[in-house]
2 protein chains.
Amino acid sequence: MDVFPQSHGHTLVIPKHSRARNLLEEEPQVLSALILGVQRVARAVRAALNPDGLMISQFNGAASGQTVFHLHVHIIPRWEGVPLGRHAGGGMADLDELKALADQIASKIS
Amino acid sequence: MDVFPQSHGHTLVIPKHSRARNLLEEEPQVLSALILGVQRVARAVRAALNPDGLMISQFNGAASGQTVFHLHVHIIPRWEGVPLGRHAGGGMADLDELKALADQIASKIS
């Protein structure tokens, strides 16, 4: 989970064994596996939270919004009428709440 | 190229043989090939336009910002100090200009 969530359920997918700073640098086989992981987690987020939509984003370089310089993908649930928060704009999330959300999403991973 | 660009060089990657409306529905092998195509085109955009950063995004459902309902990925170059435009916020781009940009990027695809 992103500790500075832009929406309820803002989730990150991070390749475990990667030294790439961003998508441009990543090895093809890691990238192919990563996108399948994104699909899997995105489906679990949808099953757990039932959002109206899901935004998927990935940033390359500080000018694009990247703040943590290893490759990661954002899965951001969206609801009708709820504007997207700015990253860290709402401050840090409650960690117990994030843990509960993570458990809820993980239970839906198939 | 996106005809309603959010920045100079806003490029789309679209799987040719796909009926998926979004990432959640896509076949694993199409998705794996797609992300490698995104990397290839993103590198070409960088080589052609030399932006300070690159944002990659993909929308699932109208509530997330999706307006065209087949799977596609946005590659949006970013420059320091230049805010991100709203989709269609700046109106439709000049088609000759887009064609020239597309040629410039295509010439860098390796």
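The values are calculated or read from the model by the stated rules, or taken from the named source; none is laboratory data. The shown structure was predicted, so the numbers you read here are calculated from the model rather than taken from an experiment. Because the Cβ atoms are built from the backbone with ideal geometry, glycine has one as well, and the counts that use them run over all protein chains shown. Please note that ligands, DNA and RNA were not included when accessible areas were found on the heavy atoms of the full protein model with its side chains. Shrake-Rupley method; radii C 1.70, N 1.55, O 1.52, S 1.80 Å.
Filtering region A:49-92 to residues that are at the interface with chain B (Cβ under 9 Å from one of its Cβ atoms) and at positive phi leaves A:GLY61, A:GLY65, A:GLY81. Only a single item in (1) open to solvent by less than 30 Å² (accessible area, probe 1.4 Å); (2) at pLDDT 95 or above; (3) of a type in the set (A, V, I, L, M) is not met by B:ALA33, and it is number (1). Can you tell me which condition A:THR67 does not meet? The list is (1) over 19 Å from B:ARG43 (Cα atoms); (2) more than 12 Å from the chain's Cα centre (by Cα); (3) surrounded by 15 or more Cβ atoms within 10 Å (Cβ to Cβ); (4) among the hydroxyl-bearing types (Ser, Thr, Tyr), and all the others hold. Checking A:THR67 against (1) over 19 Å from B:ARG43 (Cα atoms); (2) more than 12 Å from the chain's Cα centre (by Cα); (3) surrounded by 15 or more Cβ atoms within 10 Å (Cβ to Cβ); (4) among the hydroxyl-bearing types (Ser, Thr, Tyr), the one that fails is (3). Within region B:73-83, identify whether any single residue is open to solvent by less than 30 Å² (accessible area, probe 1.4 Å) and more than 14 Å from A:LEU23 (Cβ to Cβ), and answer yes or no. The answer is no; no qualifying residue exists. For B:GLN6, indicate whether it is open to solvent by 60 Å² or more (accessible area, probe 1.4 Å) and of a type in the set (S, T, N, Q). Answer is no for this residue.
Annotation note: of A:ALA100, A:ALA48, the sole residue that is surrounded by fewer than 20 Cβ atoms within 10 Å (Cβ to Cβ) and not acidic (Asp, Glu) is A:ALA100. Just so you know, in region A:9-23 the residues that are farther than 17 Å from A:MET55 by Cα and either in contact with an Asp or Glu (Cβ under 7 Å, 6 or more places away or on another chain) or free of Cβ contacts under 8 Å to residues at least 12 places away in the same chain (or both) include one that is most open to solvent (accessible area, probe 1.4 Å), and it is A:LYS16.
Scanning region A:24-50 for residues that are touching a residue at least 12 places away in the same chain (Cβ under 8 Å) and not in a helix (DSSP H, G or I) yields a single hit, A:GLU26. Does A:HIS17 count as away from chain B (no Cβ under 14 Å), at pLDDT 95 or above and assigned to a loop (DSSP other than H, G, I, E, B)? No: the conditions fail for A:HIS17.
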